[in-house]
Amino acid sequence: MPAIGLLGDVMLGRSVGDTLRDEPAAELWSEELRSLCASLDLMICNLECCVSERGERTRRIPGKPFFFRAPPAAVAALQSIHVRAVSLANNHALDYEEEALADTLGLLSDGGVAAAGAGRGAEAARRPVVVEAGGVRIGLLCVSDHPHEYAAGPVRYGIAHADLERGLPDWLLDQLGRLHERCELAIVFAHWGPNMSAAPSPWQRRAAAAFQDAGADLVAGHSAHVFHGIEWKAGGPVLFDLGDALDDYHVDPVLHNDLGVLAIWRPGAGDDELELVGLKLAYC
């Protein structure tokens, strides 16, 4: 079975994006992290920004304080740690509206990075991606519980959105069921819950159990910017929040959003199935 690495929030805009314009993209990451990622069969992350030189700040959400847009060199930054699949189902994919999200999808595709969780029309946004690693087909199903203003419409660009606190909608269950017909392993990658929370909410635990009951082999999440504990059930591990991987955010002195993990999942490896590598973000 393959060794699969998962990172939480990767934000390559604002001052990180300024650095990308002036320095080699690989230098955003430590040599140790680049080497470790290169040893894995597949790297996945949540890309918490759009990648584009176009677009205007969205007005969909009155009072929205943060807007993240990365330059095209962001794709090289992902490639430098061997990321081959990303989630775009999050609260920053449409920060610079539809043309920037369209650019993001195009630039990622051109760079050989598969993207799930966003697209033109709800059907495309909700569609999982399947990537091969170590001779195994791995499905990635991505969803975000916020903001509903970014949800893809029938023919408009947007994200795969679901109010997970109220339960799993039929489309999520259908997609997960069909995913197992196409691949050997299915990962649910969810952007869920509020920022700067110290632990998963009861509804997140219920949703994770429902994902496992529907066939998810691994459930992993992000959004809080803080690492949460894990839960292990018969259906496999649940990584409620991986914490931050790269950003320029202010560091909370109590919750320490500058600390995250690289989760390495080796399905079926017994005691070695899950390895958590601690990360300290120095950039912010």
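The values are calculated or read from the model by the stated rules, or taken from the named source; none is laboratory data. Please read all numbers here as calculations on a predicted model, not as lab measurements. No Cβ is skipped: glycine too gets one built from the backbone with ideal geometry, and neighbour counts run over all protein chains shown. Just the protein is used for accessible areas: all its heavy atoms, side chains included, with ligands, DNA and RNA removed. Shrake-Rupley method; radii C 1.70, N 1.55, O 1.52, S 1.80 Å.
Just a few scattered comments:
- Dimensionless Rg over Rh [region 64-119; C-alpha; Kirkwood]: 0.95
- Our estimate of slack between E56 and V155, defined as 0.36 nm per intervening residue step minus the Cα-Cα distance, is 33.6 nm.
- Spatial extent of the chain: Rg and Dmax, with the Cα atoms as the point set, Å: 17.1, 49
- Those residues of region 101-132 whose amide nitrogen sits under 17 Å from the label point placed on A269, 7 Å along Cα→Cβ: none
- Mean accessible surface per residue for region 47-120, computed with a 1.4 Å probe while every protein chain stays in place, in Å²: 38 Å²
- Ordered from longest to shortest, the equivalent ellipsoid semi-axes for region 174-250 are 24, 14, 10 Å, each the square root of 5 times a Cα gyration tensor eigenvalue.
- Kirkwood analysis of region 1-126, using all unique Cα-Cα pairs, places the hydrodynamic radius at 14.8 Å.
- Hull volume per residue, based on the alpha-carbon atoms of region 30-69 and their convex hull, is 116 Å³.
- Simple spin-label estimate for D22 and S39 in nanometres, 7 Å along Cα-Cβ: 3.4 nm
- Per residue accessible area of region 171-212, 1.4 Å probe, in Å²: 42 Å²
- When each of the peptides 104-114, 121-131 is scored by the mean number of other C-beta atoms lying within 10 Å of its residues, the order from highest to lowest reads 121-131, 104-114.
- Between D174 and E123, residue separation times 0.36 nm minus the direct Cα-Cα distance comes to 17.2 nm.
- Of the accessible area of region 97-197, computed with a 1.4 Å probe over protein heavy atoms only, carbon and sulfur atoms account for 45 percent.
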